[in-house]
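The values are calculated or read from the model by the stated rules, or taken from the named source; none is laboratory data. Just so it is clear, the model here is predicted, and its values are computed rather than measured. For neighbour counting, all protein chains shown are included, and Cβ atoms are generated from backbone atoms with ideal geometry for every residue, glycine included.
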């Protein structure tokens, strides 16, 4: 294996480690939210610093690789994609931390379980987790055939997000005392919707790297 290939493999491995950490953060944020688990939420917040550290190191290592080896074609596309993917993973980590902080605040856990079920928040979390793990497999296998399936899941997330506005509006008409909590819950659902957008951005980067195609502002929207 050439020295440059070893360096590239090392960069991919760093991104893989960061990805696994962010996926774990997202899974734990689901558990913390659904079980009102404040201890788990605190663990998520403390681990966010590791996510940030990963992003800084990957940025630096990718810049060094470009400066040292002047990559072209697919190698250059890979490095540029890894930089953008690590930036996007860091944003997803931020949103997972935001969910954890919502749990830690512990001042809005009295909204009825029926409303929580109507909002289909567990389904939202599960869809996001599968988007993030499927796109990880797509990068590892360099297989972009699943990209359409992953992008379609973002449409599901958008639908759940838009439905949540009507559900919470109807709920507040009968329970106006919960306005503050409903607004906080809406902010949390908005965070989940943004995670879906970021997962789509990652898929677009993988397609750019593997197939040299730009999906941004095209197929998706």
Where residue 88 falls short, out of the listed (1) touching a residue at least 40 places away in the same chain (Cβ under 8 Å); (2) more than 16 Å from residue 20 (Cα to Cα):
(2)
Say whether the condition of being surrounded by 14 or more Cβ atoms within 10 Å (Cβ to Cβ), farther than 17 Å from residue 83 by Cα and either at pLDDT 95 or above or under 18 Å from the mean Cα position of the chain (by Cα) (or both) is met by at least one residue in region 4-14.
no
Identify, by number, the condition in (1) touching a residue at least 24 places away in the same chain (Cβ under 8 Å); (2) surrounded by 13 or more Cβ atoms within 10 Å (Cβ to Cβ) that residue 107 doesn't meet.
(2)
Is there a residue in region 40-55 that is assigned to a loop (DSSP other than H, G, I, E, B) and within 24 Å of residue 142 (Cα to Cα)?
no
If you check residue 174 against the conditions, is it over 28 Å from residue 86 (Cα atoms) and under 20 Å from the mean Cα position of the chain (by Cα)?
no
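Select, from 149, 84, 110, 153, the only residue that is touching a helix residue (DSSP H, G or I) at 6+ places or on another chain (Cβ under 9 Å) and not in a helix (DSSP H, G or I). Show your work before the answer.
Values: 149 fails: not in a helix (DSSP H, G or I); 84 fails: not in a helix (DSSP H, G or I); 153 fails: not in a helix (DSSP H, G or I).
Criteria check complete, one pass: 110.
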Between a residue in region 1-26 that is farther than 24 Å from residue 195 by Cα and any residue that is not in a helix (DSSP H, G or I), which pairs come within a Cβ distance under 8 Å, given they are 6 or more apart or on different chains?
4/71; 9/1
Is it the case, given these coordinates, that residue 213 is surrounded by fewer than 20 Cβ atoms within 10 Å (Cβ to Cβ), touching a helix residue (DSSP H, G or I) at 6+ places or on another chain (Cβ under 9 Å) and touching a residue at least 24 places away in the same chain (Cβ under 8 Å)?
no
Pairing a residue in region 142-155 that is closer than 16 Å to residue 123 by Cβ with any residue that is part of a loop (DSSP other than H, G, I, E, B), where Cβ atoms lie under 8 Å and the two sit 6 or more apart in sequence or on different chains, gives 154/220
Residue in region 113-129 that is surrounded by the fewest Cβ atoms within 10 Å (Cβ to Cβ), counting only those that are touching a helix residue (DSSP H, G or I) at 6+ places or on another chain (Cβ under 6 Å) and either outside any helix (DSSP H, G or I) or without any contact (Cβ under 8 Å) to a residue 40 or more places away in the chain (or both)
120
